[in-house]
Every structure is written in structure tokens, then in C-alpha cells.
1. Determine the distance separating the Cα centre of the range 55-78 from the Cα centre of the range 84-105; give it in Å without decimals.
2. Among residues other than Ile63 whose Cβ falls under 12 Å from its Cβ, what is the net charge (Lys/Arg +1, Asp/Glu -1)?
3. Taking 8 Å as the Cα distance limit and 6 or more residues as the minimum spacing, I'd like the relative contact order of the range 31-99 as a percentage.
4. What fraction of the Cα pairs in the range 41-123, stated in percent, has a spacing above 14 angstrom?
5. Lys and Arg at +1, Asp and Glu at -1: add these up for the other residues within a Cβ distance under 13 Å of Glu22 and post the number.
6. Any chance you could run the full-extension gain for Asn83 through Glu46? It's 0.36 nm times the residue separation minus the Cα-Cα distance, nm to one decimal.
7. Note down the nm distance, to one decimal, between modelled labels 7 Å out along Cα→Cβ at Ile109 and at Asp91.
8. Sorting Tyr41, Tyr49, Tyr19 by accessible area (1.4 Å probe), largest first, what list results?
Amino acid sequence: MPESDAHIPGMNAVSFVAYCGELAGLPRVDAMQRAHEVLFYVGLGEARYRNVETYSTGMKQRIKLAQALVHDPDLLFLDEPTNGMDPKGRDEMLELVRDLAHNKGVNLILSSHLLPDVEYTCDSRRGDGQGRDRGGRADRRAEAAARARLRAAREDAGRRHRPRSSSGCRSPDSIAMRPTRT
């Protein structure tokens, strides 16, 4: 999820997210279907045909999350996902990020200067490389456990079958995306 806006002027949200899906290698029809799914998931289902330039800052943050999710990544980098959002939108975005990490099986690397956001959404945290807030013993244990789970998942990846659609994405049934409350 990019920090700065990277939308294409004149496009509506569904066209933009579908285009991002095509850039990631999805066939056009699958990219369009997936765009609708992720836009509903991030709470932009009703506004998906509006021009992206008319969106508020919070809505633009949501579309950036949608374009990052359209190709069904296993690892997601989020840089200040709540930047510029109002308190309600911020809470909703944190719920989405937490849902991705804890219920959808997406691995996250979250960059934020707001420690409560990191603590709420993530299982472990690291400092800024300057010796500040490197996490405590419990965090180191959690990180070791997470590394062990990731290692086991990599080793098991060839043997395990995840339901996928013809486009290579997880099937909608296995993801069970739901619109968020607005």
C-alpha cells in the first residue's frame, strides 16, 4: 500500500483496482470480479463507480488498500495506512488490517509512528533501528514463533492446496470477504 496517492486521473475506483489487478497478472474478467470484491471488503462498495479524484482522504486510503489486495498477496506492506483519516475511518481501517492479519492469513509488515495502532493490529513489533522500542521478551518470543510458523508454511506450501479460482486467486468462498460498516 503506497504512502502517496497513485491513482490515475479520470478513473473510477472499480476500473482503477481492476487495472491494478491486470498489472499483477490477473485476466481482465477475473481482475474486474476481484476489484468488486475487494472494494466491498474495504467499505467502498457503494462508491466504487465514483471518480477517485472526488474521494476523501480516508476513501483514498481504502482504495490504496483495495489495490494492494486485488491480486491476493500473501505478504502486504502497509505504510501509515491510517494517515489522514478521521477517528471513525481510522478505527475501521485498523479493523480491516487486523482482520487481514488474523482471519485472512495475510502476513503484514506495518509501518506506523502510532504505537497503539501497531500493538492493536500486529502480533509483534520492532523498533526503528535506533535502539528505541525493540519490544520486550514476549515480543521476541512471539517473533520467534511467527518465524517458525512462516518457515513451516514455506516447507508445507508444496504439499498444501489452497482453494484457488482459475485466475490463481483464492476463491471468494475461502476468503469470505464482507463489507465493513460505514
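1. 11
2. Charge balance in the 12 Å sphere: +3.
3. Working: 48 pairs, mean separation 23.4, N = 69.
Relative contact order of the range 31-99: 34 percent.
4. Considering the range 41-123, 62 percent of its Cα-Cα pairs are separated by more than 14 Å.
5. It works out to a net charge of +1.
6. 11.1 nm
7. The modelled label-to-label distance comes out at 3.2 nm.
8. Of Tyr41, Tyr49, Tyr19, the descending order of accessible area is Tyr49, Tyr19, Tyr41.
The values are calculated or read from the model by the stated rules, or taken from the named source; none is laboratory data. From a predicted model like this one, the values you see are computed outputs, not experimental measurements. FYI the Cβ positions are ideal-geometry reconstructions off the backbone, even for glycines, and counts take in every protein chain you see. Only protein heavy atoms, including side chains, enter the accessible area calculation; ligands, DNA and RNA are left aside. Shrake-Rupley method; radii C 1.70, N 1.55, O 1.52, S 1.80 Å.
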